[in-house]
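Undergrad: I have a structure here, written as structure tokens, and I will follow up with some questions on it.
The values are calculated or read from the model by the stated rules, or taken from the named source; none is laboratory data. Because the structure is predicted, anything quoted here is derived from the model rather than measured. Neighbour counts are summed over all protein chains in view; Cβ atoms, including those assigned to glycine, are modelled from backbone coordinates with ideal geometry. These accessible areas exclude ligands, DNA and RNA; they are computed on the full protein's heavy atoms, side chains included. Shrake-Rupley method; radii C 1.70, N 1.55, O 1.52, S 1.80 Å.
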Amino acid sequence: MRVYVPLTFPALRAAYGAGELSAERGGTVAYAVTPGLREWYLSDDSEELEYAALSRAARASLRLLAVSPDVPRRRVVLALDVADDAVSFDPDHGLERESLGEVRIEGTVPMAKAAAVHVDAEDAGADVAAAADALGAADTGDDDARFTVDGADDHELLWYATQEIPHLPE
């Protein structure tokens, strides 16, 4: 199963240096094509659904940036191929709009299972920083803040091979 793990640059560097993505208490949050995501998007196109899961992870990466003001202001998503039984999800919780596609990875995952890393281009930094700063207000219904947060989504994440991780500019 392909899963998309939201990260920050320091977390990506730590996982790469350790050679594994360590599970947090309760499992590592990731995003994948779940039945709830499939139902929400009403699509049978596997590429479209994978992109939706990647987009959900990118938004979760933005949330990580919002609570970590000292890290580079670019979204980071690690794509991993893991065994189906390494992933769990709550089917009831998975139908809630906020948690579409959310799964948990139990245990550590070797970085050898990484398929790619997706990162904002350097020129997205200002929009991503503004979106991270506006996220709290957007969550409470501020339309201007939502517009700012949605502005980060206008930037496509770039694809990098895993061997490029040590050379990614922050």
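Undergrad: Hey, can you find the accessible area per residue of segment 4-79 for me, probe 1.4 Å, expressed in square angstrom?
TA: It amounts to 48 Å² per residue over segment 4-79.
Undergrad: log₁₀ I(q)/I(0) of segment 38-88 at q = 0.15, 0.27, 0.28 Å⁻¹, via Debye over equal Cα point scatterers, no solvent, to two decimals?
TA: -0.56, -1.04, -1.06
Undergrad: If you don't mind, there's one more thing I want to ask. Counting only protein chains, not ligands or nucleic acids, how are MET1, MET111 ordered by accessible area (probe 1.4 Å), most first?
TA: MET1, MET111
Undergrad: By the scheme Lys and Arg +1, Asp and Glu -1, what is the net charge of all other residues having a beta-carbon under 9 Å from that of LEU80?
TA: It works out to a net charge of +1.
Undergrad: Which sequence of LEU42, LEU158, LEU100 reflects their accessible areas, 1.4 Å probe, from the largest down?
TA: LEU42, LEU158, LEU100
Undergrad: Let's test the formula: R0 of 35 Å, r as the Cβ-Cβ distance of THR108 and THR140. What FRET efficiency results, to the nearest 0.05?
TA: Approximately 0.45, to the nearest 0.05.
Undergrad: Roll a 1.4 Å probe over the protein heavy atoms and report the accessible area of SER43 in Å², nearest 10.
TA: Ignoring ligands and nucleic acids, SER43 comes out at about 10 Å².
Undergrad: Another question, if that's okay. Average projected area of the Cα convex hull of segment 1-68, in nm²?
TA: Computed as one quarter of the Cα hull surface, the answer is 5.4 nm².
Undergrad: Go through TRP159, TRP40 and list them by solvent-accessible area, largest first, probe radius 1.4 Å.
TA: The most accessible residue leads, giving TRP159, TRP40.
Undergrad: Over the chain, what relative contact order in percent results from Cα pairs under 8 Å that are six or more residues apart?
TA: Rounded, it is 29 percent for the chain.
Undergrad: I've got another one for you. Would you calculate, for the chain, the mean residue ellipticity at 222 nm contributed by helices, counting each DSSP H stretch of 4 or more residues as -39,500 (n - 2.57) and dividing by all residues, to the nearest 500?
TA: It lands at -12000 deg cm²/dmol.
Undergrad: Name the shape class, rounded, prolate or oblate, that the alpha-carbon gyration tensor gives for segment 67-154, where a ≥ b ≥ c are the square roots of its eigenvalues, rounded holds for a/c under 1.5, and otherwise prolate holds if a/b is larger than b/c and oblate otherwise.
TA: oblate
Undergrad: For segment 116-170, what are the per-bin percents of Cα-Cα distances with bins 5 Å wide, up to the bin holding the maximum?
TA: 5, 20, 24, 17, 15, 10, 7, 3, 0
Undergrad: Under 11 Å from the Cβ of ALA137, count the other residues' Cβ atoms, weight Lys and Arg +1, Asp and Glu -1, and hand me the total.
TA: Net local charge, ALA137 excluded: -4.
Undergrad: First select every other residue whose beta carbon is under 11 angstrom from the beta carbon of PRO6; then total the charges, Lys and Arg +1, Asp and Glu -1.
TA: Here the count lands on +3.
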